[in-house]
Amino acid sequence: MNERQISEILREYEKRRHFAELKRTADYENAMTFPEFSALQKNYNGLVVKPPEADVEAEIAEIRKKQAAVLKKLKIDDFFETQYLCARCKDTGYENGKLCLCVKKRLSDDRKNGAVPTDAVFENCDLSLFDADIRPRMAKVYSIAKKYVETFPPKNKPNIFITGGTGTGKTYLTACIFNALTKKDVFAEYLTAFGLGGLFLKSHLAPVSEKTAVLDPLFSADLLIVDDLGTEPIYNNITCEYLFGLINERTVNAKPTVISTNLSPADILSRYGERIFSRVCNKNNATLLDLPGKDLRLKK
């Protein structure tokens, strides 16, 4: 992980946590200036100090219900629990001793930098854009992708390899998968192949102490999506070596990966070699989806 970015996020979290706690105190003090609320609070305080064997839960619940009604009438926020932005980590940035999903998503959002079409969702997919003769095939492709999302993480074939010509909808399909899974709180990373190549080069040139931090999110993400593999420059002793290491490590750890490309399996073999080809195009652990048709952007 990028330690500088994480430190900045955690400092921001500390400020918003402090603000949330101050707001809760201020709201409480404001509510206590109203006799109706303060009388209920006095009754509540008397109940909570009773011995454990005293059955007062129902009475406490009734008092809280009445207090909530008073707060609503007074237009004061419910302060019975501090209103953190992230209920998981309570705005600390950590859950069970590990970075919270909210922090990982922030890092992922910073990395995407607009690479993912946010309006790409399965519900908006218009199959009428495709020629009539390929619509049934495209309907099946989208059905497979939706099933992948619904059953994520998949027990069998964790990877998807999407091929097709320019403008056949590969990026839109990968974005649909990404957007659907992030709504389900899956920690996903989405990069163009060009962006991925840039990270490989950055990691290669970084000081030894920082090399791991550059690529760690790609290894640890619950899902990695690489769009347009084959458009990135090939750096000698970097691109293929780092790509193999990434895909192989994710395969060994059963971490799902989705790759889209204009290249055919034969082109993958020629460009990246046998080791990468055998992992990307392996039908035992990857679903291969071939998107047919013409460039939709030209049709529009």
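Quick notes
- Once the Cα atoms are used to define both axes, helix 193-205 deviates from the longest principal axis of the chain by about 80 degrees.
- Helix 101-112 axis, angle to the chain major axis (alpha carbon atoms, nearest 10°): 40
- Once the Cβ-Cβ distance of Lys184 and Glu249 is raised to the sixth power relative to R0 = 30 Å, the FRET efficiency obtained is 0.80.
- Dipole of region 113-299, positive end: most advanced residue of Cys125, Leu199, Gly230 [Cβ charges, Cα centre]: Cys125
- Net lengthening on full extension, Asn237/Ser209 (0.36 nm per residue, minus Cα-Cα): 8.1 nm
- Normalised by the number of residues in region 3-98, the mean separation of alpha-carbon contacts (under 8 Å, six or more apart) gives a relative contact order of 42 percent.
- Mean separation of Cα contacts under 8 Å (6+ apart) over length of the chain, as relative contact order %: 21
- When cysteine pairs in the chain are screened for C-beta atoms closer than 4.7 angstrom, the residues that find no partner are Cys125, Cys176, Cys240, Cys281.
- Per-q log10 I(q)/I(0), the chain, q = 0.07, 0.11, 0.13, 0.16 Å⁻¹ (Debye; single scatterer per alpha-carbon; no solvent): -0.42, -0.77, -0.93, -1.25
- Of the trypsin sites (Lys or Arg not before Pro) found in region 134-189, the ones in coil according to DSSP and having at most 13 other Cβ atoms within 10 Å of their Cβ are Lys155, Lys184.
- Separation of region 135-175 from region 236-300 is 14 Å, based on Cα centroids.
- FRET E, pair Lys65, Asn30, Förster distance 30 Å, beta-carbon r, rounded to 0.05: 0.90
- Each residue in Ser209, Ser7 was given a count of other beta-carbon atoms within 10 angstrom of its own, and listing them fewest first yields Ser209, Ser7.
- You can think of it this way: the chain between Ser143 and Lys98 has 12.7 nm of extra reach, that is 0.36 nm per residue less the Cα-Cα gap.
- Summing charges over neighbours of Asp78, with a neighbour being any other residue whose Cβ is under 12 Å away from its Cβ, gives +3 when K and R count +1 and D and E count -1.
- Hull shadow area, averaged, region 3-98 [alpha-carbon convex hull, nm²]: 8.0
- On Cα atoms only, tilt of 57-74 relative to the major axis of the chain in degrees: 80
Read-outs throughout are calculated quantities, based only on the coordinates presented, and are distinct from any laboratory measurement. The structure presented is a predicted model; accordingly, all values stated were derived computationally and were not measured. Glycine also receives a Cβ, built like all others from the backbone with ideal geometry; neighbour counts cover every protein chain displayed.
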